[in-house]
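Take a look at the structure below.
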Protein chains: 2
Amino acid sequence: MSLLSFYFLRSELFNFRFHYLYKVNKLFIFFAQFQLLSNEAEKALQEICSVIFLKKNEELQAIGHTCRTIYFVEKGIARIYYYKDGTDITESFSFENSIIARVESLFTEKPSRKAIQIVEDADIIAINATKLFKLYDTHPQIERLFRKIFEKGYVETVNRIENLQFHTAEERYLALIQESPNALRRIPLKYIASYLGITQVTLSRIRATVK
Amino acid sequence: MSLLSFYFLRSELFNFRFHYLYKVNKLFIFFAQFQLLSNEAEKALQEICSVIFLKKNEELQAIGHTCRTIYFVEKGIARIYYYKDGTDITESFSFENSIIARVESLFTEKPSRKAIQIVEDADIIAINATKLFKLYDTHPQIERLFRKIFEKGYVETVNRIENLQFHTAEERYLALIQESPNALRRIPLKYIASYLGITQVTLSRIRATVK
DNA sequence: TTCATTATTTAACAAATGTAAAAGGATTCT
DNA sequence: AGAATCCTTTTACATTTGTTAAATAATGAA
């Protein structure tokens, strides 16, 4: 090993490249679950991705901006939230190996009243949606990939409606424990309460009776 | 006019063809809002469409079947509903000029616990989804068309979650009046109540105070 | 570690919603 | 028209959830 490459291996640049490749690799494993991609398509996608490292409580996207980025959570947890009469309401959480995007803004090109915030230190891959949508024309595989990704998101959202519409607060809490038991350990209860559509006090009461 | 064509014009066959073309035309006007289609794509789509005339309370799709049809409501109203602990719960309504499909079954290919029922006499166009998905390979325009249609459905569903999650019953009722004032006139209140996530009694109370 | 801050639980009371049953209206069918 | 059925409202009471405030627990920064 030359002296030069020794210094390179210890350099910031190396660390950055290493992280970038490692993180992006996880994204492509995620993509592969949905759709086979040609080398050219993969390369085109890589060029519109960038890696972001964020700490708890930091904001990924602010309220009021039109969403033009799709995020992949490689590590950590993020949430979408908004304010209703001054109180902070969590719309959804995204854990590692999942996509997070404010679709109501992304697909309508209107400003979003929602923000994305980091709940647990996170490594995120940002996908430039403006460039992505242009790739749809040249790479039908990419259009199909994201069609399938968002179809899955659509299904999850429909199932969530069923949960909110006619289940009691306790049923919703128990369902959450079932589906993602980690959520309770990793997310502050104040966020979980509004996600379930109830107040923190009600959540505390439910936890007291269920325990 | 020959005697033959006179009889043809009065024939069942003529009525059927006339209705079919008229109805399908409306569907293609709907499609045009989303995506330009080539003549070949339009023709391919027409071949997988059929027209159905249904009366109030008739069932379009039954509980337990895997959804392999996408419907377009040309006239009338349909609803998706399911049973929770024996009570009938309306998940959504579809009015004229809109698509109705049980996406949680269509996109997962699992049996649906939900049914589609006619709320007001309806003229429906059924699109064979199995054949449609095959057309995606040969006609990227068609894939794009339905991608956009379902993206819009996704956005509507996300907005609905916001409505259910942290609005009071009264707010949800008032929002419904705002968005579709016809709904109240054309849909029985018992269906509207469960759609809003409340009981019929609560809806009556709200109506008494709001009036 | 210690202090300050933030998160969670508990309590007491108010408001909203659910349940069951009955009464009144509207609609449909014969 | 008349009977039967279905839909909607009303009532009384039970239960759930919200609100406010205080107490306790946990966390993070100096």
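Every number here is computed from the coordinates shown, using simple stated rules; none is lab data. All of these numbers come straight from a predicted model, not from anything done at the bench. Note that we place each Cβ from the backbone using ideal geometry, even for glycine, and neighbour counts take in every protein chain shown.
Numbers below:
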read-out	value
Order of A:Leu37, B:Leu36 - criterion: other Cβ atoms within 10 Å of each residue's Cβ, fewest first	B:Leu36, A:Leu37
GNM top mover of B:Phe30, B:Phe107, B:Phe72 - chain B, alpha-carbon springs below 10 Å	B:Phe107
Shielding score for B:147-159, defined as the mean number of other chain Cβ atoms within 10 Å	6
Reduced Cα scattering model of the protein assembly as shown, Debye log10 I(q)/I(0), q = 0.08, 0.12 Å⁻¹	-0.53, -1.11
Net charge over other residues, Cβ less than 12 angstrom from the Cβ of A:Asp137 (K, R count +1; D, E count -1)	+2
Chain B - mean residue ellipticity at 222 nm from DSSP helices (-39,500 (n - 2.57) per run, n ≥ 4, rounded to 500)	-16500 deg cm²/dmol
Packing-based exposure ordering (other Cβ within 10 Å, fewest first) of A:His167, B:His65	B:His65, A:His167
Value of relative contact order over the range B:70-211, rounded to a whole percent, pairs C-alpha under 8 Å and six or more apart	24
Between 0 and 90°, nearest 10: helix B:200-210 axis offset from chain B longest Cα axis	80
Pairs from A:Lys23/A:Lys148; A:Lys26/A:Lys110; A:Lys56/B:Lys84 whose Cα-Cα separation, in the structure shown, is over 29 Å	A:Lys26/A:Lys110; A:Lys56/B:Lys84
Net charge over other residues, Cβ less than 10 angstrom from the Cβ of B:Lys56 (K, R count +1; D, E count -1)	-2
Highest-fluctuation residue, A:Asn39, A:Asn25, A:Asn163 considered, GNM on chain A with Cα pairs under 10 Å	A:Asn39
With Cα atoms, 0 to 90° folded angle of helix B:140-166 axis to chain B main axis	10
Gain upon complete extension [A:Glu40, A:Thr168; 0.36 nm per residue less C-alpha separation]	41.1 nm
Dipole-positive endmost among A:Ile124, A:Ala183, A:Phe107 within chain A (Cβ charges, Cα centre)	A:Ala183
Cα pair distances of the range B:71-211 binned at 10 Å [whole percent]	10, 36, 35, 14, 4, 0
